[in-house]
Each structure stands twice: as structure tokens, then as C-alpha cells.
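Participant: Take a look at this one; I'll ask things after.
Rule-based calculations on the coordinates, nothing more; no lab input. In this text the structure is predicted, and so the values were computed from the model without any measurement. Cβ placement follows ideal geometry from the backbone for every residue including glycine, while neighbour counts extend to all protein chains displayed.
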Amino acid sequence: MSDSHSKLYPPPPQIVAGAHVSGMAAYEKLCAEAQADYPGYWARLAREMVSWKQPFTKVLNDSNAPFFKWFEDGTLNASYNCLDRNVERGLGDKVAIIFETDDGKITRVTYRELLERTCRLANALKAQGVKKGDRVVIYMPMSVEGVVAMQACARIGATHSVVFGGFSAQSLRDRIQDAGAVMVLTADEQVRGGKQLPLKAIVDEALGMGGCETVRKVIVYRRTGGQVAFDAARDLWLHEVTQNQPTTCEPEWVEAEHPLFLLYTSGSTGKPKGVQHSTGGYLLHAALTTKWTFDLKDKDIFWCTADIGWVTGHTYIAYGPLALGGTELVFEGVPTFPDAGRFWRMIQDHKVTIFYTAPTAIRSLIKAAESNEAVHPKRYDLSSLRILGSVGEPINPAAWEWYHANVGGGRCPIVDTWWQTETGGHMITPLPGATPLVPGSCTLPFPGIDAAIVDETGQDVPHGQGGILVIKKPWPSMIRTIWGDPERFKKSYYPPELKGYYLAGDGASRDPQTGYFTITGRIDDVLNVSGHRMGTMEIESALVSCTELVAEAAVVGRPDETTGEAICAFVVLKRPRPTGEEAKKIANELRNWVAKEIGPIAKPKDIRFGDNLPKTRSGKIMRRLLRSIARGEPITQDTSTLENPAILDQLAQSN
Ligand code: WT7
């Protein structure tokens, strides 16, 4: 491990002062409270953070583990909590959402307006026969309308399932069918990076494939005015169905366990899993983590760059910040349009105070900034920022340091938040006014979360030793089941050998001194080379720490006769893709670099160079595809969400 791993960044005094959780003693006090009376701790917070119609008297019901229930006799409405109660508190004229389009047009929506728009759509959904418990698929661009769609479903007790706008017709169809949706909400087109991309046409295609007979209506938001086919019997315009609807709508008060949403995510097998979340426990954790992890205050301008099609966009755009009456920025476009300075310019223009993005975005913007001074963050006034966040994958120390120095000006804590679609919200994360930071570590569990590292039999492993990341106790925002497949839920997350602990699917280790967690990557991505266990992420981090040469790297395993598994690295250089002798030379340099960073056993056997890596449109590297390429197998997987399909041939060829 390089020296940077041991570097400690104490929380800056100006953040500690007045933070919601101020100082390590405050953090430890909360942990002790949870330890002493686990249900009592969550009950206190559930009463403080959430407005209940019918207060709960039961806290945790674990009689049918792992199908846990929280606050089960309480009733509430998520949309009431995010909208009405803020208006009632006098925040009606406060800006809830600042929306910026791909081409830079800005609109501001107050809490009162957001409530009225939500009520109009909620009334329209009811008029179309949508009832409590019905599933509604949302296939929409990043927009105020997208957030309103989610809130409107919540308001009438319909369970939404947002499908990311980058998914293909086939994927959309599979999700509609699995959810048994009665309605699809979409837009004519979406606009990203200066391009108009179809949505409605993909819905038409998906529904045309058959198997979606449960869908009665499709409501279409007119975003671009582009030409779309219209089925008079099935399709409706959003502006027409909402036009004459009242601006008030009595919320449907639902039980705490009522499914607020399904969100499909990939498992280790092919079929996506419909992760089912509750209303009460989910909303509690969405609000609480937004408050403590981001230290959100009245005057903050919060910006989470995720898409509403992912859980990050659910918890930290559609629900968390609104539940607290915060002001948030919502962005339609991509970080590189019209140039790679877009994020920095938006932070400057909107005086963003809290910025939450993914390591992959940071790494690509580092690359851009290093080749073009004009898009370097130092060219922008980012002095409004006070807290930075990272999510989705381990952030390598080199990227962390760059983010800290160049975006945060050395004064903003970085909250490296570890969590998953299944966990609903942050599980292991620094709290900005309390936790000293170590680059590359997500530090310590959120107060009340009982995270641990165990071996295959569920025994705790000592600090300093790698193992399986588990959550020992149920928590309020946890996945409730896999929609329609409770057996798969049990099998995937509660394997019998793990003593009733939640299996996260990640490997991790804890620092012997600090107890800090470092995530080493998915267990299914852990390699065993000559009997040595290694995280693919660890090798990637080593490669990208070669900042002179490497822009990005992805590492996968492939079977090898002598060593069990061999390491295969796919590398994007900061210079044109090398071939022939030059490629061999650079590959050797990188092998030696990795040997220096981790040890000779971590030397990649294969190194292949590409102009880019295969990524989904949300920027996740598609390692499944790389594994096939590494093995020399034909690609049989679904490549429909791939941003840049041409790259596959290049990586398959280059050697
Ligand atoms: C997987 C969950 C969390 C919302 C977005 C992704 C990885 C996530 C971190 C982090 C290291 C991380 C894990 C996890 N991951 N955050 N801060 N450090 N790894 O949600 O698609 O459900 O993916 O993302 O491997 O299991 P997801």
C-alpha cells in the first residue's frame, strides 16, 4: 500500500462547528445509544425525522426473519413528508429544485409549486384508474417531471419502478412484465450531450414485444416536441391529463411497510432483481442520512449528479433532500457537454455547497483537465463548496487526493459513502463534522448500522484481515424482498451459513489501528492467483495511481492452468493507444509499477490497451464483458446499455 493510505485528514473546524453530528464524541454517543437499545434508537429517530399519520407502537418485528418489518402499525405518506409538511412549516416559497437542462436553461421550482404539480399528476393517475398497490413504471429523463412522477405515485400509494433511460426496449419490457405495471410514464425524447434520444419510441417497442398486457395507459411528457407515434386508445399527454386537475390531492395514508418502490438491479445471475423497498423505514433513512452524512442545512445547495434511474437518484434526489426541505440542483445532461468543465461551471453558477458524484466521473474529469487547462476545476470559482461526496465504487487514493485538492480546495471533507441498491441509503460513511478521513476508505458505519467482516462461516475476522462484509442486524431501510421471488431474496442475502447476517456481496477489511473499513470490491470479483486473494479494485487502484501514464483501468480474472486465475488488465492511457513493440514496453512498465505498489503476485498477466472501457451510460464499467473478452469468449451478454459498443472489438484485438 502506498503512503497516501495512512494520511489522515481531520474534519475542518469550520465544518465541525454547527454540524448535525459534531465531533467524534457525538458520533460515538449515537453508536452507544443504538448499542444500548437498538429498537429504541430507531424509534426515537423515526419519530423525529418522519411525520406519521398514525404513530407506530411497534418498532421491529423479527418474527419472520429475514422478512423484517419496521414501524408496522404506523401509517404515513412519503409525498406528504417531502412536500406538504415543508409548505406547512413555512417553506412554500423556498426553492426545492433548481433544474438545468442539457443546453443550460434554468428553472426554479418552489415547494408550493412542486406540491401542486405532484397533486395534479396524482389526481390524473387516479382518474386513469391507478390505485394503491398498483405498479407504475417511470422511464423518464432527468427532469422536474421525473421527480414529480415519483412523488405522485407515492402520494396515491402506487409503487413506482423507475427504469434508467439508457436501458433498451428489451430490458424495459422485462421490468414492466416482472413488475406487472399498469401504467408507464415516459417522455417523447431525452436530451443528453446535445443529442435528442428517443424514449417514447422505446416504450412503444417494449410494449410491442408482448408480455406487457397489464399496461393500460402510457403518459407522455413533452420534452422536445419531437415526432412520436401516438396510440389514441393508450397514450396520453402529460400536459393534457394534468391541465384541469385540482392542485390539491389528499395523500393516501399507507402502512409503513407498504412498498414505496421497486428498483431493478443486477444480481450474480442474469435476471435483474426487483429490489422492494418500504415507505416508513426507507424514508427515515433517506432523511437521516441526508442530514447526517451531508450535514444538510437550510441554506445549502445540494447537488447529487446521479440519475433518478439508480438508487442514488431515489434516495438523494427524489426523497432525502426534499424530506428535509432542502434546495437541490437537478441536471438533465452529461458532465462533458458542452465541455468537461460543465460540473465545475454549474457548481460556480449555482453556488453549490454539497456535491455528490461518482469516482468514475471524477477520474474522467481528471483526464480531461490534464489535457485541457480550460476545463480544469482551478479555472472556476468553487469556493461555495463545503462538502464533497463519492459513491458507487471504491475511490482510489489518487483520485481522492485530486478531488480533495482541486475541487474541494483542500477545505472540504469527502464523504466516501458505501451502500447499495438493497440498503436504501448510506451504511458505511464518514460524517463530515466528525470522522477523520483516510483517502480510499469509507471509514466507519453510520450510527446504528452493525457492519462487520466475517469469514465463510459467519465468524468475525480480526482487523487487518480481509473477509466478507455483512450487516448483522436488520435496519429500517433494508430491502424487504425481491419482487415476486422471496426465495431468491433469502438465498441471495441470507445464506444459512452466515448466521442470519445480511450478505452485502462485497469483500472488505478493517484497519488494525482505526477500525476503518476499506471495500475491496465484489466478492465475485475477488481473484485467487497462486493461492493469493486479491481485489480487482486494488489492482485497478494501483494502475491508476500511475498518474503519469494511466487514465483508467479495469481488472478481471480469467482461468489459468498454473496459477488458478490470472489477472487481466484493460487500460486506457493518457496518450494514444499503443500497439506493437510500444504496447509491450508500456505493459512491462505497468507490470513493474503494480509489483511496486502491491507486490509481484499482483502483476497482471495480460494488459490490453483501449481508447476507452466498455461502460454503461451511467458510467459503470461493464466488467462482465471484460471477463468474456479476457477469456477470449464471444460476447453473449446484453450490451444494450453500453455507451460505446465499438470498444469491444478493439479490446478483443489488442494484446
Ligand atoms: C455496489 C452497489 C450505492 C449506490 C450506487 C451503487 C459498490 C458502492 C461504494 C463505495 C466502494 C462501493 C459496492 C456495492 N460501491 N459504493 N463508496 N466504495 N464500493 O449501487 O448499483 O447497488 O452497487 O457498489 O460494490 O456492493 P449498486
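Participant: Computed on alpha carbon atoms, what radius of gyration and Dmax characterise region 560-617, expressed in Å?
Facilitator: 12.5, 37
Participant: Measure up K291/K620; K105/K351; K58/K131 against 18 Å on the Cα-Cα distance and list the ones that go over.
Facilitator: Working: K291/K620 27 Å; K105/K351 16 Å; K58/K131 27 Å.
K291/K620; K58/K131, as the Cα separations exceed 18 Å there.
Participant: In terms of Cα to Cα distance under 20 Å, which lysines are near enough to K596, apart from those fewer than 8 places away along the same chain?
Facilitator: Result set, ordered by chain and number: K7, K584, K585, K605.
Participant: What Rg and what Dmax come out for region 61-164 when only alpha-carbon atoms are used, in angstroms?
Facilitator: Expressed in Å, the Cα Rg and Dmax of region 61-164 come to 16.0, 53.
Participant: Moving on. Which value, to two decimals, describes the C-alpha radius of gyration of region 252-346 once divided by 2.2 N^0.38 Å? List each step's numbers first, then the result.
Facilitator: Details: Rg = 15.6 Å, N = 95, 2.2 N^0.38 = 12.4 Å.
The value comes to 1.26.
Participant: Once you treat every alpha carbon in region 545-655 as an equal point and sum by Debye, what is log10 I(q)/I(0) at q = 0.20, 0.24 Å⁻¹?
Facilitator: -1.11, -1.47
Participant: For a quick protection proxy, order the peptides 442-449, 329-336, 38-45 by their average other-Cβ count within 10 Å, most packed first.
Facilitator: Values: 442-449: 23.2, 329-336: 20.9, 38-45: 17.6.
Ranked by mean Cβ neighbours within 10 Å, highest first: 442-449, 329-336, 38-45.
Participant: Next question, about the same structure. Do you know the relative contact order of region 218-305, to the nearest whole percent, from alpha carbon pairs under 8 angstrom that are 6+ apart?
Facilitator: Values: 62 pairs, mean separation 15.5, N = 88.
18 percent.
Participant: Roughly how many whole Å is it from the C-alpha centroid of region 137-187 to that of region 417-462?
Facilitator: Region 137-187 and region 417-462 have Cα centres separated by 31 Å.
Participant: Given N residues in the chain, what is its alpha carbon radius of gyration divided by 2.2 N^0.38 Å?
Facilitator: Numbers: Rg = 23.9 Å, N = 655, 2.2 N^0.38 = 25.9 Å.
Compactness ratio reported: 0.93.
Participant: Run the reach check for K132 against aspartates and glutamates, Cα to Cα strictly under 12 Å, same-chain hits fewer than 8 apart removed. What comes back?
Facilitator: Straight-line reach from K132, under 12 Å: E252, E255.
Participant: So how do 315-321, 610-616, 103-109, 9-15 stack up, highest first, on mean other-Cβ count within 10 Å? Display every interim value, and only then the final one.
Facilitator: Working: 315-321: 28.4, 610-616: 20.0, 103-109: 12.7, 9-15: 14.7.
Highest mean packing first, the order is 315-321, 610-616, 9-15, 103-109.
Participant: Per the Kirkwood definition applied to all pairs of different Cα atoms, how many angstroms is the hydrodynamic radius of region 291-436? The partial results should precede the final answer.
Facilitator: Working: mean 1/r = 0.0656 Å⁻¹.
For region 291-436, the Kirkwood estimate is 15.2 Å.
Participant: Also, quick follow-up: Could you size up the charge dipole of the chain around its Cα centre, putting +1 on the beta carbon of Lys and Arg and -1 on that of Asp and Glu, and report it in debye to the nearest 20?
Facilitator: In debye, rounded to 20, the chain gives about 480.
Participant: Which order, highest average first, do 547-559, 231-243 follow once you tally other Cβ atoms within 10 Å for each residue and take the mean per peptide?
Facilitator: Averaged packing, sorted descending, gives the order 547-559, 231-243.
Participant: Go through the chain and flag any cysteine with no other cysteine's C-beta closer than 4.7 Å, please.
Facilitator: Isolated Cys, the chain: C31, C82, C153, C212, C304, C412, C442, C546, C568.
Participant: So, one more: Considering the alpha-carbon set of region 401-492 alone, what are its Rg and its Dmax in angstrom?
Facilitator: Just the Cα atoms of region 401-492 yield Rg and Dmax of 16.1, 49 Å.
Participant: Starting from the Cα of A595, step 7 Å along the direction of its Cβ; do the same at K132; then give the gap between the two resulting points in nm.
Facilitator: 6.8 nm
Participant: Then there's this: Quick one: pull the percentage of alpha-carbon pairs in region 107-244 with a separation above 27 Å. Intermediate results must be reported in sequence, preceding the final value.
Facilitator: Working: 1184 of 9453 pairs.
That tail contains 13 percent of the Cα-Cα pairs.
Participant: Sticking with this one: Rounded to the nearest 500, what is the chain's calculated 222 nm mean residue ellipticity when only DSSP H runs of at least 4 contribute -39500 (n - 2.57) each, over all residues? Please list the in-between numbers first.
Facilitator: On the way: 18 runs with 182 residues, N = 655.
So the helix-based figure for the chain works out to -8000 deg cm²/dmol.
Participant: Find out how many positive minus negative residues lie around H463, taking Lys and Arg as positive, Asp and Glu as negative, among other residues whose Cβ is under 13 Å from that of H463.
Facilitator: Values: positive: R510; negative: D460, D511.
Residues close to H463 contribute a combined charge of -1.
Participant: Any idea which of C153, M142, Y27 is furthest toward the positive side of the dipole for region 19-170, if Lys and Arg beta-carbons carry +1 and Asp and Glu beta-carbons -1?
Facilitator: C153
Participant: Quick one: what do you get for region 232-307 if you divide its Cα Rg by 2.2 N^0.38 Å?
Facilitator: On the way: Rg = 18.1 Å, N = 76, 2.2 N^0.38 = 11.4 Å.
Rg over 2.2 N^0.38 Å, computed on Cα atoms: 1.58.
Participant: Can you give the FRET efficiency for T107 and R234, using 1/(1 + (r/R0)^6), R0 = 35 Å, r = Cβ-Cβ distance, to the nearest 0.05?
Facilitator: Details: r = 30 Å, r/R0 = 0.85.
The value I calculate is 0.70.
Participant: Follow-up question, since we're still on this one. Can you pull the one-decimal nm distance between simple spin-label points at Y494 and F337, each 7 Å off the Cα toward Cβ?
Facilitator: 4.5 nm
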